[in-house]
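Peer 1: Below you will find the structure I want to go over with you.
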Amino acid sequence: MLKDFVKTDLPDEKEISEKLKEERAKLSSFQMKIKEASLPVMVLFEGWNAAGKGAIIGKVIRNIDPRFFKVATLDREPNEEEKRYPFLYRYMKEIPEAGKFRFFDTCWMEEIVDGVMNGELTDEVYEQRVHSINVIERQLCDNGYLVVKFFFNISKKEQKKRLDALQESKDTSWRVQKEDLLQNKHYEKCQEVYDRYLSDTNQSRAPWYIIDATEKKWAELQVLQFLNQGIDTALKNHSMNVPILQNTFPLKKVGKLSDISLADKTMTDEEYEIELKVLQKELKDLNNKIYRKKIPVIIAYEGWDAAGKGGNIKRITAALDPRDYVVEPIASPEPHEKARHYLWRFWTRLPKTGHITIFDRTWYGRVMVERLEGFCSENDWQRAYNEINEFEKELSDWGAVIIKFWVQIDNETQLQRFTDRQNTPEKQWKITDEDWRNREKWDQYETAIDEMIAKTSTEFAPWYILESVDKKYARIKALRIVIEQLKAALNR
């Protein structure tokens, strides 16, 4: 893209000044429309060192109320703590809320380009990360985000001129780093790496805009024109549905809930106590090995109300070092969570390497409660199956062990447990009017659950059914599966 980039003719200074005034006013007027439409806007500034990205960001944000934007300045390389999370983790934490701007003074591009230039990224890792970026940018756009990407382009000669000028003054010489001088020295090689990345990540939903950054006012005008154009288009198309992508992930078939036998899934108290003790000891030993090998573990629980998720989780955590795990009880999203991509609150709760996160309810709310209660559109939840598979594939490729449990009971057992809770004072806090309302939609939920399991039980993150009419049986089965999966991860 850079090699083929053709500069447009530079307008005269008077024309630039007049158009700048017009575009600045346009951006200022757009901010309230963005707020009213709940449109989140991500603007990524990339480009050559000394190309003037920071200066232009400063000029652009002058046209926006400070309450409506933030500027994210991320280090070019993740720190040691951030390296213990997935590649996209530190970037996903920074995505904007609905109705606000987030300007990125470099984003995921620089980490990849630097890795290639330094020889730290193999072609395989490069392609994997580029794929991750294309997926997340598409997901953001599909979920209502506007993603605008700028690359500030200057010639080798112009870059050297600017670096020399900075070095001449002791007040600005500190801004010139060794990396800047090396980039100019190896300009042609850097250009090839930049060009490859730009071409590989140039998508119709999130295209690259190459900015001729030779002259500052002209660069600002180009940025404002493209940004305003993008906002105008996004506001017009904000409520449009987007295509549902075909599943491309290998699936493991799991039967329908109605086909699962519960009658013979029981065990005696004596059997339970013996097995519980043995399995918890084994899990404790595996916990130590997982920690030493820095393998992240994600255990996801879904199931019917009163199916016994809490007791099941408790028997697993009893065997773990309390410093190595966290249980995340997932309720309705808070306002700041609802204002972002629905997976954001799970991205920000992931375990670091060597640690375990147990989710008591998960991202699958999108295709169950949100689907059935009308909290998202049909297009949203139909699209979510593939988005969730992509999310879990990203975690699997990172090296995470993903264990997903559906805790299964029948309708009659749930009624018995609800009634017991209602009639037992110390258990009444566990039962709500919403639980009773959900019972009335049992058949609808079962249909949604069957579809969820069928479409998201992948080979890298399959569903496991825990038959829980006898809670003891379900607890032992869960422990066995966790142990089996951790052993497999340690042997990989």
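The values are calculated or read from the model by the stated rules, or taken from the named source; none is laboratory data. Here the structure is a predicted model, which is why all the values come from computation and not from measurement. Counting neighbours? That spans all protein chains shown, and the Cβs are built from the backbone with ideal geometry, glycine included. When the accessible area is computed, the model is the full protein with side chains, heavy atoms only, and any ligands, DNA or RNA have been set aside. Shrake-Rupley method; radii C 1.70, N 1.55, O 1.52, S 1.80 Å.
Peer 1: Which ³J(HN,Hα) values, rounded to whole Hz and listed in residue order, are derived for the range 336-341 from phi using the Karplus coefficients 6.51, -1.76 and 1.60 in 6.51 cos²θ - 1.76 cosθ + 1.60 with θ = phi - 60°, glycine and proline given as x?
Peer 2: Going residue by residue, I get 6, 7, 5, 7, 10, 3 Hz, with x marking Gly and Pro.
Peer 1: Leaving ligands and nucleic acids out of the surface, order 32, 42, 240 by accessible area at 1.4 Å, largest first.
Peer 2: Accessible-area ranking of 32, 42, 240, largest first: 240, 32, 42.
Peer 1: Would you grab the residues whose amide H sits under 5 Å from the one on residue 208? Only those 5+ places off in sequence or on another chain, please, with H modelled 1.01 Å from N.
Peer 2: Residues meeting the amide H criterion: 203.
Peer 1: For a quick check of your reading of the filter: which GluC sites (Glu not before Pro) in the range 420-458 sit in a DSSP loop and have no more than 10 other Cβ atoms within 10 Å?
Peer 2: Qualifying residues, ordered by number: 440.
Peer 1: So between residue 199 and residue 237, what do we pick up on full extension, going 0.36 nm a residue minus the alpha carbon distance?
Peer 2: 11.1 nm
Peer 1: Can I ask one more? Round to a whole number: what % of the accessible area of the chain belongs to carbon and sulfur, probe 1.4 Å?
Peer 2: 48 percent
Peer 1: Using the alpha-carbon centroid of each, what span in Å lies between the range 296-367 and the range 413-492?
Peer 2: What the calculation gives is 14 Å, centre to centre.
Peer 1: Moving on to the next point. Kindly identify the range 305-456 as rounded, prolate or oblate by the Cα gyration tensor criterion: order the square roots of the eigenvalues as a ≥ b ≥ c, call it rounded if a/c is under 1.5, otherwise compare a/b with b/c, prolate if a/b is larger, else oblate.
Peer 2: Here the range 305-456 falls in the oblate category.
Peer 1: Residue 14: which aspartates and glutamates have alpha carbons under 16 Å from its alpha carbon, excluding same-chain residues fewer than 8 sequence positions away?
Peer 2: 22, 23, 215, 220
Peer 1: When only DSSP loop residues count, what trypsin sites (Lys or Arg not before Pro) in the range 140-239 have their Cβ near at most 11 other Cβ atoms within 10 Å?
Peer 2: The qualifying sites are 170.
Peer 1: Then there's this: Please get the size of the charge dipole for the range 167-312, origin at its Cα centre, with Cβ charges of +1 on Lys and Arg and -1 on Asp and Glu, quoted in debye to the nearest 20.
Peer 2: Approximately 300 debye in magnitude.
Peer 1: Now for a different question. Report the Cα centroid-to-centroid distance between the range 82-99 and the range 1-70 in angstrom, as an integer.
Peer 2: Here the answer is 23 Å between Cα centres.
Peer 1: Which shape class, rounded, prolate or oblate, goes with the chain when its Cα gyration tensor gives a ≥ b ≥ c as root eigenvalues, a/c under 1.5 marks rounded, and past that a/b bigger than b/c marks prolate?
Peer 2: Prolate.
Peer 1: Name the residues whose placed amide hydrogens come within less than 5 Å of the amide hydrogen of residue 466, ignoring near sequence neighbours (fewer than 5 apart) on the same chain.
Peer 2: 406, 407, 408
Peer 1: Please give me, ordered by residue number, the trypsin sites (Lys or Arg not before Pro) of the range 326-383 that lie in loop per DSSP and have at most 10 other Cβ atoms within 10 Å.
Peer 2: Here no loop site has a sparse enough neighbourhood.
Peer 1: Amide H to amide H, which residues 5 or more places from residue 328 or on other chains are under 5 Å from it, using H placed in the peptide plane?
Peer 2: The list, which skips near neighbours in sequence, is 358, 359, 360.
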